[in-house]
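Report on the structure given below.
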Amino acid sequence: MIDTHAHIYAKEFDEDRDAVVQRALEQGISKILLPNIDLESIEPMLKTEAAYPDVCHSMMGLHPCYVNADVKQTLATIHSWFEKHNFIAVGEIGIDLYWDKTFKAEQEMAFITQLNWAKEMKLPVVIHTRDSIEETLSLLKQEQDGSLSGVFHCFGGSVDEAKAINDLGFHLGLGGVSTFKNGGMDKIIPHLDMDYLILETDCPYLAPVPHRGKRNEPAYTQLVAQRVADLREMSLADVDAITTANAMKLFGI
């Protein structure tokens with residue numbers, strides 16, 4: 001099983017990171033993929049990858065919530081890292097209009113810029129969207145020339161949105177929201193295309209039931225997998241096999 005989106009380099013794990021990784025391995029989570037968010041997260045992320053080289057794999061990108069007036073300078077620094085290190089994806093990138101729309105134009109520019117990096121480097125992208133699915137899909141349609149691949153992480157949308165994402169050749173990342181009783185995903189997950197599903201935690205955020213409201217961690221990927229299995233009336237082993245194969249193919253690991 002693969003946790004395709006985990007911020008275990010975050011300070012929330014500084015006291016017990018070894019134990020967190022060990023618990024994940026004990027639950028059958030063999031890989032933990034680390035998305036970058038800003039300039040400050042690069043060093044702790046790469047240190048975490050170096051500490052667990054067989055388990056952790058890093059991405060490089062600028063998260064939309066960290067886009068500001070200095071975005072061009074920040075992107076130049078982020079881009080320079082691709083020459084120094086092998087990354088499995090460009091991420092996490094995207095558009096977030098939930099907290100603040102001040103830098104909407106800059107967010108869109110950063111998103112398009114990083115999509116173009118992905119095309120040049122033949123890497124998948126990991127997309128963050130919040131209150132921005134229409135804008136994100138519109139820009140992605142413009143940029144999709146057949147060479148872009150990736151995932152809409154933390155998917156919590158409709159069946160129609162899922163189909164629109166899949167039609168562009170993109171995967172859906174399912175996490176803790178899938179287990180929330182009021183999340184509405186119980187009506188969506190049975191209708192999703194299994195060929196495009198991968199699992200994630202987005203830890204330390206969005207812990208699945210029964211840990212909702214507490215710190216999330218990669219070991220809980222299995223709870224997401226079990227929820228998908230229950231809703232689709234499949235075995236946990238089949239969900240594990242399919243989503244792991246999807247993730248390995250997408251990220252080339």
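The values are calculated or read from the model by the stated rules, or taken from the named source; none is laboratory data. Please read these numbers as outputs of a predicted model, since none were measured by experiment. All Cβ positions, glycine included, derive from the backbone under ideal geometry; neighbour counts span all protein chains shown. Quick note on the areas: whole protein, heavy atoms, side chains included, nothing else; ligands and nucleic acids left out. Shrake-Rupley method; radii C 1.70, N 1.55, O 1.52, S 1.80 Å.
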Of everything in the stretch 200-222, what is touching a Ser or Thr at 6+ places or on another chain (Cβ under 8 Å) and either farther than 19 Å from Phe13 by Cβ or open to solvent by 60 Å² or more (accessible area, probe 1.4 Å) (or both)? Give them in sequence order. Val209, Arg212
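In the list Ala162, Ala110, which residue meets the criterion of being among the hydrophobic types (A, V, I, L, M, F, W, C) and either more than 18 Å from Ala89 (Cβ to Cβ) or at pLDDT below 95 (or both)? So that I can check it myself, show each step before the final result.
Numbers: Ala110 fails: either more than 18 Å from Ala89 (Cβ to Cβ) or at pLDDT below 95 (or both).
Among Ala162, Ala110, only Ala162 is among the hydrophobic types (A, V, I, L, M, F, W, C) and either more than 18 Å from Ala89 (Cβ to Cβ) or at pLDDT below 95 (or both).
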Residues in the stretch 120-142 that are assigned to a helix (DSSP H, G or I), surrounded by fewer than 17 Cβ atoms within 10 Å (Cβ to Cβ) and not aliphatic (A, V, I, L, M) total 5
Out of all the residues in the stretch 175-183, is one or more under 14 Å from the mean Cα position of the chain (by Cα), under 23 Å from Val55 (Cβ atoms), among the small types (Gly, Ala, Ser) and surrounded by 22 or more Cβ atoms within 10 Å (Cβ to Cβ)? yes
Expected single match for under 22 Å from Asp3 (Cβ atoms), of a type in the set (Ser, Thr, Tyr) and in contact with a Leu (Cβ under 8 Å, 6 or more places away or on another chain) among Thr48, Thr77 is Thr48
Among the numbered criteria (1) assigned to a helix (DSSP H, G or I); (2) within 19 Å of the chain's Cα centre (by Cα), which single criterion is violated by Arg215? (1)
What strands (runs of 3 or more DSSP E) completely inside the stretch 1-116 contain at least 3 residues that are open to solvent by 10 Å² or more (accessible area, probe 1.4 Å)? none
Could you check Ala76 against (1) out of contact with any helix residue (DSSP H, G or I) (no Cβ under 7 Å at 6 or more places or on another chain); (2) closer than 20 Å to Cys154 by Cβ and say which number it fails? (2)
Out of all the residues in the stretch 173-182, is one or more β-branched (Val, Ile, Thr) and over 22 Å from Trp117 (Cβ atoms)? yes
The stretch 68-91 residues that are on the phi < 0 side of the Ramachandran plot, paired with ones that are outside any helix (DSSP H, G or I) and surrounded by fewer than 18 Cβ atoms within 10 Å (Cβ to Cβ) (beta carbon under 8 Å, 6 or more apart): Thr74/Asp38; Thr74/Leu39; Thr74/Asn68; Thr77/Leu39; Ile78/Leu39; Ile88/Gly252; Ile88/Ile253
